[in-house]
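Novice: Right, I'll just put the structure down here and ask away after.
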Amino acid sequence: MTKPVFRFAPSPNGHLHLGHALSALLNTRAAVALKGRFLVRVEDIDLTRCTRQLEQEMFEDLAWLGVPLDEPVLRQSDAFPEYRAALEKLQDLGLVYPAYLTRAEIKKFVAEFEAEGQKWPRDPDGAPLYPGDASVLSETECNDRSNSDAPFTLRLDMKAALKRIGRSLFWEETGAEGKALFDKPHQISADAAVWGDVVLARKDTPTSYHLSVVVDDARQGITDVLRGKDLYEATSVHRLLQELLGLPVPLYRHHRLILGEDGRKLSKSNQDTSLRSLRQAGASHAQLRRRIGL
Ligand code: GLU
């Protein structure tokens with residue numbers, strides 16, 4: 001049997017919070033329980049929001065938590081050529097198109113559509129599906145933008161991608177903590193169509209979260225993706241990209257989420273639940289573990 005390889009993949013675009021502590025600790029515990037390896041990966045493709053200062057502070061929080069860093073830590077901003085190669089593969093399959101609508105234009109289109117009384121479809125995160133440039137811009141406007149310096153995204157043609165695969169996709173899901181780590185996996189049907197034409201890259205960034213995560217899980221030999229339930233639905237897109245790119249498929253283990261007092265998912269913008277502020281307020285490890293139910 002191959003040794004399991006787990007990873008914790010935070011983005012240094014803010015301070016880690018209690019939800020990250022749970023994820024990091026569950027990954028390290030699972031790696032020990034299943035006699036595997038544990039890696040930290042820095043997901044810093046958003047070069048405007050991710051900074052080296054925040055990365056350093058993130059490492060300090062992880063050290064305080066007792067989460068080991070396997071040096072050298074893989075940083076996504078060092079791997080742009082790998083993502084570009086994967087993107088080109090999808091382009092060569094004819095599955096990628098440039099999209100010029102700005103967020104504001106999409107919002108306006110959707111508001112006008114919904115003013116007529118019908119709901120515009122949204123993805124599992126609540127973002128409206130991409131309506132297509134032609135539903136908002138004239139042919140001349142589309143041409144003008146593609147011939148200018150206008151910002152754009154590169155999107156996956158979801159219908160064409162699903163057609164190319166031509167069969168249902170699944171993933172194997174099992175437990176993330178305690179005895180459930182050893183449970184027999186069960187099959188989950190992937191439904192990537194609900195995401196519409198997802199973003200694969202942007203004008204200034206040759207990748208997106210979905211693309212880089214599948215490329216990295218493959219090149220780091222990750223066998224077990226243990227992450228929060230907030231990314232459960234995204235697994236459908238990851239399965240589709242793995243299939244299109246011919247990448248191996250890890251086992252998935254989505255863990256419970258820590259909710260804030262308002263009952264919502266924690267956010268990096270709320271300093272009250274950041275590990276840094278809890279640490280600075282003198283919280284002990286035992287208090288932290290109690291708070292996250294470990
Ligand atoms: N970078 C993602 C985050 O901070 C996690 C990605 C993943 O685990 O697949 O939420």
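Novice: Amide H to amide H, which residues 5 or more places from residue 7 or on other chains are under 5 Å from it, using H placed in the peptide plane?
Specialist: Amide H neighbours of residue 7, under 5 Å, 5+ apart: 39, 226.
Novice: Spelling out what I want: for every residue of the stretch 144-150, take phi, set θ = phi - 60°, compute 6.51 cos²θ - 1.76 cosθ + 1.60 (Karplus), and round to whole Hz; glycine and proline get x.
Specialist: 4, 5, 6, 8, 10, 8, 4
Novice: Under the rule that an exposed site lies in a DSSP loop and has at most 14 other Cβ atoms within 10 Å, name the longest stretch of the chain with no trypsin sites (Lys or Arg not before Pro) of that kind, not counting the sites themselves.
Specialist: 50-118
Novice: If you don't mind, another one. Restricting to bridges with both residues inside the chain, how much of the DSSP beta-bridge set is antiparallel, in percent to the nearest 5?
Specialist: 55
Novice: Specify the residue with the greatest mean-square fluctuation among 59, 152, 113, computed from a Gaussian network of the chain linking alpha-carbon atoms under 10 Å apart.
Specialist: 113
Novice: Given a 10 angstrom Cα cut-off, can you work out which residue in 85, 201, 234 is the most mobile in a GNM of the chain?
Specialist: 85
Novice: Of 108/203; 179/229; 163/229; 159/184; 3/163, which pairs sit farther than 25 Å apart, going by alpha carbon to alpha carbon?
Specialist: Among 108/203; 179/229; 163/229; 159/184; 3/163, the Cα-Cα distance tops 25 Å for 163/229; 159/184; 3/163.
Novice: Please pull out the direction-averaged projected area of the chain, using the convex hull of its alpha-carbon atoms, in nm² to one decimal place.
Specialist: 17.3
Novice: For residue 198, tell me the accessible area in Å² from a 1.4 Å probe, rounded to the nearest 10.
Specialist: Counting only protein heavy atoms, residue 198 exposes about 10 Å² to solvent.
Novice: Pop out the ³J(HN,Hα) list for the stretch 29-39 in order, Karplus 6.51 cos²θ - 1.76 cosθ + 1.60 with θ = phi - 60°, rounded to Hz; leave Gly and Pro as x.
Specialist: Whole-Hz 3J(HN,Hα) from phi for the stretch 29-39: 5, 5, 4, 5, 4, 9, 6, x, 10, 9, 10.
Novice: For the chain, which whole-number percentage of the solvent-accessible area (1.4 Å probe, protein heavy atoms only) is attributable to carbon and sulfur atoms?
Specialist: 51
Novice: So what are the ³J(HN,Hα) numbers for the stretch 176-192, from phi and the Karplus equation (6.51, -1.76, 1.60; θ = phi - 60°), rounded to whole Hz, Gly and Pro as x?
Specialist: 10, 8, x, 4, 4, 4, 9, 5, 6, x, 10, 7, 10, 6, 8, 10, 6
Novice: Right, here's the next one. Comparing 149, 46, 92, which has the greatest mean-square fluctuation in the GNM of the chain with Cα pairs linked when under 10 Å apart?
Specialist: It is 149.
Novice: GluC sites (Glu not before Pro) within the stretch 121-198: which are DSSP loop residues with at most 16 other Cβ atoms inside 10 Å?
Specialist: Sparse-neighbourhood loop GluC sites (Glu not before Pro): none present.
Novice: Near the amide H of residue 183, under 5 Å away, which other amide H atoms are found, from residues 5 or more places off or on another chain, if H is placed in the peptide plane?
Specialist: The list, which skips near neighbours in sequence, is 175.
Novice: Moving on. Hey, rough spin-label estimate for residue 167 and residue 108, points 7 angstrom out along Cα→Cβ, what's it come to in nanometres?
Specialist: Simple spin-label model gives 4.6 nm for this pair.
Novice: Quick one: angle between helix 209-219 and the longest Cα principal axis of the chain, in degrees between 0 and 90, rounded to 10, please.
Specialist: Roughly 60 degrees between the two axes.
Novice: I would also like to ask the following. Can you give me the accessible area per residue for the stretch 111-207, using a 1.4 Å probe, in Å²?
Specialist: Heavy-atom SASA per residue in the stretch 111-207 reads 61 Å².
Novice: Right, next: When Rg is the radius of gyration of the Cα atoms in the stretch 112-210 and Rh is its Kirkwood radius, what does Rg/Rh come to?
Specialist: With Rh from the inverse mean 1/r over Cα pairs, Rg/Rh is 1.10.
Novice: Could you state the number of Å between the C-alpha centres of the stretch 139-167 and the stretch 94-121?
Specialist: 14
The values are calculated or read from the model by the stated rules, or taken from the named source; none is laboratory data. Note that this is a predicted model, so its numbers are computed, not measured. Note that we place each Cβ from the backbone using ideal geometry, even for glycine, and neighbour counts take in every protein chain shown. Surface areas here come from the heavy atoms of the whole protein model, side chains and all, with no ligands, DNA or RNA. Shrake-Rupley method; radii C 1.70, N 1.55, O 1.52, S 1.80 Å.
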